Each structure stands twice: as C-alpha cells, then as structure tokens.
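Asks: Questions regarding the structure given below will be posed in turn.
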Amino acid sequence: MGAFSTWALTPGQLARASVMGGVRRALRVGAALKRVQQEGGDAVAAASQALDGQLVLLAQGEISAVTVDEQGGFDRLQVTLRTDDGTLVHVLAVNENLIAYTEGSAAPLAAAPDALAWLTADGHPLSNSEIRPAGTQARSSHLGRRISLLGLPAAPILRTPTLAAGFAKVLAQLGYFGQAPQLKAG
C-alpha cells in the first residue's frame, strides 16, 4: 500500500517535477525480493537485476552498533556495520540514511541525494525504524545481524542546483561539508 499527495499540478508540471518510474521500479524490486524470500537466492543480485543493474553494493557485514538520538521530531541514527574484512562502515541518518563512510576514509562511500538502503541476506529490506532500538530497549534487536548496505544513484532531477543545495545543507548539519560523491552503477 502506498500514498501520494502533492499540491495541484498539471500532468506536464508533475512530469517535470517528479522522479518518473519510481512506483514501477518499487513493484519490480518488491516482486524480485518476494521470489528470493520464497525460493531463496541472492537478494542483492535479484534487487540489482530488478533495477536494471543500477544498484551499488556498498558494504556487507554485521550490524555492530546502533545509536539513536531523538531531536526536534527527528530520529538521528548512526548504524555501524563491521564488514567481513573488519572494516567499520558508519551510516548517519536523520530519519532516512543520508551519508555512509568507511572509518578512516577522507571521502564518504555515498551520500544523499543518492539513496542508501538496508537489505538482509534473505531478501528483507529493513527501515531505520526497524533497526533502531525499540521503545525502552537499550540495544537494537538487529545487533549481529548480517546485512547489506546498498546505494542507488539519484535521479538527475535530484541533482538540480536547488535540490543539491538542500541536500548539502542537511549533510552539513551532520558535519559533512564536502562535495557529495555521485554513485556510479556497474
């Protein structure tokens, strides 16, 4: 089930101000992951194929830490992933994943407006609200869970100067003042 609302627009205005094909792509990914959940297989490969190879595998490993700070109606979350080779990857989110970086690296792995998402090996996407500690829990129930961090390059409309400046402002609030890298699939 989904919902869509916006101010009144003509079809032409909507086409110029929208990321086209998002619902169609979401349905394809959902169908591919449902097959993996029922029949098994490689969840990352299935999602990538459903997205015509546009998906980027940023990291795989176990969730080693989750911290959350609720401020001003927003959840500020940091998820730390310990990769198979022991490298730590940190993802910072304000409700949504905004930037991922490898500990000790000068540049981020990926950042908004590119999309960053979590996927379990058995084909279940996880939202940040599922990863964060629930209610009065001091620890996330997902600590130690194997997970993939995926990136999807942003649609060109999200890189227009006005929108790019908005993403840069949010990243600066997280302490990142550099140029956000652009994910390249393939």
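Asks: Any idea which of (1) modelled with pLDDT of 90 or more; (2) among the hydrophobic types (A, V, I, L, M, F, W, C); (3) surrounded by 16 or more Cβ atoms within 10 Å (Cβ to Cβ) is the one ILE131 doesn't satisfy?
Replies: Unmet condition: (1).
Quick grid of which residues meet (1) among the β-branched types (Val, Ile, Thr); (2) modelled with pLDDT of 95 or more:
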position: ALA32; (1), (2): no, yes
position: ASP52; (1), (2): no, no
position: ASP69; (1), (2): no, no
position: GLY72; (1), (2): no, no
position: VAL94; (1), (2): yes, no
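Asks: Here's another thing I want to ask about it. List the number of the failed condition for PRO153; all other conditions in (1) open to solvent by less than 50 Å² (accessible area, probe 1.4 Å); (2) closer than 28 Å to ASP84 by Cβ; (3) touching a Pro at 6+ places or on another chain (Cβ under 8 Å) hold.
Replies: It fails just one condition, (3).
Asks: Name the residues in the stretch 45-89 that are in contact with a strand residue (DSSP E or B) (Cβ under 9 Å, 6 or more places away or on another chain), closer than 20 Å to LYS184 by Cα and open to solvent by less than 40 Å² (accessible area, probe 1.4 Å), would you?
Replies: Across the stretch 45-89, the qualifying residues are ALA47, SER48, LEU51, LEU55, VAL56, LEU58, ALA59, VAL89.
Asks: Report yes if some residue within the stretch 23-32 is open to solvent by less than 80 Å² (accessible area, probe 1.4 Å), part of a helix (DSSP H, G or I) and either closer than 23 Å to ILE157 by Cα or β-branched (Val, Ile, Thr) (or both); otherwise report no.
Replies: Checking the stretch 23-32: at least one residue is open to solvent by less than 80 Å² (accessible area, probe 1.4 Å), part of a helix (DSSP H, G or I) and either closer than 23 Å to ILE157 by Cα or β-branched (Val, Ile, Thr) (or both).
The values are calculated or read from the model by the stated rules, or taken from the named source; none is laboratory data. Quick caveat: nothing in here was measured; it's all calculated off a predicted structure. Note that we place each Cβ from the backbone using ideal geometry, even for glycine, and neighbour counts take in every protein chain shown. Keep in mind that these areas ignore ligands, DNA and RNA; they rest on the heavy atoms of the full protein, side chains included. Shrake-Rupley method; radii C 1.70, N 1.55, O 1.52, S 1.80 Å.
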